[in-house]
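Presented below is the structure to which this report refers.
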Amino acid sequence: MRHSEAELRAWMTAGLDGDAAAHAALLRALVPLLRSFFRRRMRGDEDIEDLVQETLIAIHTKRGTYDRDRPFTAWLYAVARYRLIDHLRRRRVSVPIEDVEAILVTEGFEEAVSARVDVDRLLSGLSPKQARAIRDTHLDGLSVAEAADSARIGQSDVKVSVHRGLKALAARLRGHE
Amino acid sequence: MMAPGDAERGTDRLIAALAADVPPIARRYIGRRIALGIAGGGVVSIGLVFALFGARPDFPQAMYGFSFWMKWAYTISLGLIAVAATVRLARPTGGSLRMFWPLALPILLLAALAIEEMARTPMRDWLSMWLGGSWNRCPWRVLLLAVPIFLGLLWAFRKLAPTDLRAAGAAAGLAAGAWAATIYCLHCDEFAAVFVLTWYTLGIVLAAALGALLGPRVLRW
């Protein structure tokens with residue numbers, strides 16, 4: 001069964017406080033997640049269980065590096081990603097591996113990404129025109145033409161505002177983390 | 001090769017073994033561990049300063065002077081920024097190289113002070129101000145004193161999880177260099193800001209470069 005970010009995080013923090021049962025529950029819940037994570041990113045099957053076990057050991061021995069105030073799955077997949085890269089490096093294979101945010105989306109943990117930043121707070125840092133253009137086209141699902149009509153500006157103006165606004169947001173997010 | 005069923009049973013056994021040992025973890029674990037590593041190495045470096053170079057002869061009085069505190073303010077602020085960056089890079093989620101930007105502040109402040117000092121000094125004395133009496137020894141000594149602190153940090157990193165090993169190595173080297181420079185102030189009686197800006201910084205940069213060079217090898221886990 002699938003566990004949510006909140007559930008995994010609760011087990012993790014309980015484990016950090018010394019609760020062995022919660023720690024065991026966490027590790028058991030992570031096994032299917034890690035198997036599918038590695039299966040998705042490796043060609044052969046034979047090394048997957050090794051990688052799962054190595055990652056479980058890393059999660060256990062490096063658990064002090066998890067910050068209780070941050071998303072758990074981002075930490076989890078950062079560890080798994082490092083184990084995978086290290087494994088491929090040892091076998092001298094090189095493959096591009098997505099960054100942790102992309103992994104979180106692929107593995108169905110977008111909540112851990114979005115939990116980090118409040119959309120409204122982010123948009124409030126942009127100019128009103130850019131914020132409105134992004135809200136209309138990306139959050140409320142309006143077409144560019146509809147957004148242009150409702151804001152009484154030109155369509156190209158909407159497109160430019162969205163483009164510049166997203167670029168500014170991306171820059172800010174990179175600085176933020 | 002094991003059959004998949006065996007491997008999966010192995011995973012269950014592994015989890016049982018890991019769950020048998022779950023000590024509680026203190027909050028701010030990374031920071032504590034890094035502070036402990038630096039302190040352990042720092043004690044060795046302090047011993048080295050006294051054993052190899054000796055305390056500066058005017059040590060107690062020097063603590064009332066401006067230049068002593070100018071040097072400490074510089075090296076300690078670099079040390080604190082480097083530790084903050086090291087803590088961030090010790091997490092698997094890492095951080096960006098922008099964390100190193102705050103280093104510009106103490107460097108620029110010291111540069112402003114150096115310019116102000118030189119403006120008050122006749123030009124014929126600039127060279128002796130810049131080279132002091134120990135320019136050719138200072139960077140190497142800072143680098144030497146950084147070694148025990150770097151080793152202390154390597155110990156700290158054994159329980160930590162850096163994923164950008166080069167950046168983490170550079171941050172650890174920078175921290176080791178900055179705290180080594182702080183300790184070297186116990187011996188060094190140079191007083192010009194431009195001296196500190198050049199030769200102390202050079203020693204710290206050497207330590208950071210060495211850390212970046214070694215990071216991918218020594219910080220692997």
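With only alpha-carbon pairs counted, each pair once and no self-pairs, how large is the Kirkwood hydrodynamic radius of the range A:1-101 in angstroms?
On the way: mean 1/r = 0.0713 Å⁻¹.
Kirkwood hydrodynamic radius for the range A:1-101: 14.0 Å.
Which whole number in µm²/s is D for chain B by Stokes-Einstein, with the Kirkwood Rh taken over Cα pairs at 4 °C and 1.567 mPa s? Present the calculation step by step, with values, prior to reporting the outcome.
Values: Rh = 19.0 Å.
Translational diffusion coefficient: 68 µm²/s.
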Could you name the lysines in cross-link range of A:K159, using Cα to Cα under 22 Å and dropping any fewer than eight places away on the same chain? A:K129, A:K167
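Could you tally the net charge around B:W221, taking each other residue with its Cβ under 11 Å from the Cβ of B:W221, Lys/Arg +1 and Asp/Glu -1? Spell out each step's value before the answer.
Details: positive: A:K62, A:R83, B:R158, B:K159, B:R220; negative: A:E54, A:D86.
Charge balance near B:W221 sits at +3.
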Could you run the Karplus curve 6.51 cos²θ - 1.76 cosθ + 1.60 with θ = phi - 60° over the range B:38-55 and give me ³J(HN,Hα) per residue in whole Hz, x for Gly and Pro? 5, 5, x, x, x, 4, 4, 5, 4, x, 4, 4, 5, 6, 8, 10, x, 5
Just need the relative contact order of chain A here, percent rounded to a whole number, with Cα pairs under 8 Å and 6+ apart. 16
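Mind checking B:19-32 for the average number of partner chain beta-carbons within 10 Å of each residue's beta-carbon?
On the way: counts 11, 3, 4, 13, 5, 5, 10, 2, 4, 2, 6, 4, 0, 1.
For peptide B:19-32, the averaged partner shielding equals 5.
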What's the angle, to the nearest 10 degrees (0 to 90), between helix B:201-218's Cα axis and the longest principal axis of chain B? 10
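For chain B, what is the calculated [θ] at 222 nm in deg cm²/dmol (nearest 500), taking -39500 (n - 2.57) for each run of four or more DSSP H residues and dividing by its residue count?
Details: 9 runs with 144 residues, N = 221.
-21500 deg cm²/dmol, from helical runs alone.
Whole number please: convex hull volume per residue, Cα atoms of the protein assembly as shown, in Å³.
Values: hull volume 80.3 nm³, N = 398.
Taking only Cα atoms, the protein assembly as shown has a hull volume of 202 Å³ per residue.
Are there DSSP H segments in chain A that both extend 24 Å or more along their axis (alpha-carbon positions) and score a mean Kyte-Doolittle hydropathy of at least 0.0? List them, or say none.
Numbers: long enough: A:20-41 (31 Å, 0.52); A:72-90 (27 Å, -0.03); A:155-176 (31 Å, -0.35).
Qualifying helices, which must be both long enough and hydrophobic enough, are A:20-41.
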Per-residue average of Cβ from other chains inside 10 Å of A:51-64: 5
Kirkwood hydrodynamic radius, chain A, all distinct C-alpha pairs: what's the number in Å? 18.6
Ranked on Cβ counts within 10 Å of their own Cβ, fewest leading, A:H87, B:H187, A:H138 go A:H138, A:H87, B:H187
Only helices counted: for chain A, with every DSSP H run of 4 or more residues adding -39500 (n - 2.57) and the sum spread over all residues, [θ] at 222 nm is -21500 deg cm²/dmol
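Quick one: order B:L97, B:L206, A:L84 by neighbouring beta-carbon count within 10 Å, fewest to most. Provide the component values of the computation, followed by the final result.
Numbers: B:L97 12, B:L206 17, A:L84 22.
Going from sparsest to densest Cβ surroundings: B:L97, B:L206, A:L84.
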Hey, what angle do you get for helix B:4-19 against the long axis of chain B, alpha-carbon based, 0 to 90 degrees rounded to 10? 50
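Every number in this text was worked out from the coordinates using simple rules, so none of it is lab data. Since the model is a prediction, treat every value here as computed from it, not as a measurement. Backbone-built Cβ (ideal geometry, glycine too); neighbour counts: all protein chains shown.
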